[in-house]
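Taken together, the values in this text are just the output of simple stated rules run on the coordinates, not laboratory data. Just so you know, these numbers come straight off a predicted model, no measurement behind them. Don't worry about glycine lacking a Cβ; one is built from the backbone with ideal geometry, like all the others, and counts go over all protein chains shown.
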Amino acid sequence: MALAAPLITVSSWVRVPPVSFWRSTMALRIYIAGPMSGRPNLNWDAFDRKEEELKHAGWDVVNPAAMDRETGLDPEGMGEYDYEDAARRDIEALRECDAIYMMAGFQFSKGACWERALAKHWGLKRYYEIPREDHESEHIRTR
């Protein structure tokens, strides 16, 4: 008989097991993926909210919006932005994670789609903010 994990709600659609269910000595690391380009403030507000929700659930969170801020990126005056450097940095960060969290609208972001494909290739656990039938079954429905 499999041990059932208690679930923590991280959105109205998704509940994930708290990290303590898997590993008690060290938090599992999860990467947030979603759309940024073309969104107001590069969608940083949504990334930051999701980071707080996942931290509350016990995850060690990798937030690419926070990484962008650390490099000094200004979403209002992006000017010359090196997407290749950012993608390289994000892929390196994802490689160090145990799971990926796919935010709503990820399918409209080339970067998030690449991150999802890499996570799948590397065998990372994948969670979806809005489950759909065409996604893998690695999401947890609340209803």
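I need the calculated FRET efficiency for the pair Asp85 and Gln107, taking r as the beta carbon distance and R₀ as 30 Å, to the nearest 0.05.
0.80
So what's the projected area for the stretch 39-79, the Cα convex hull averaged over all directions, in nm²?
2.9
Where does each of 117-129, 101-113 land if you order them by average Cβ count within 10 Å, highest first?
In decreasing order of mean packing, 117-129, 101-113 become 101-113, 117-129.
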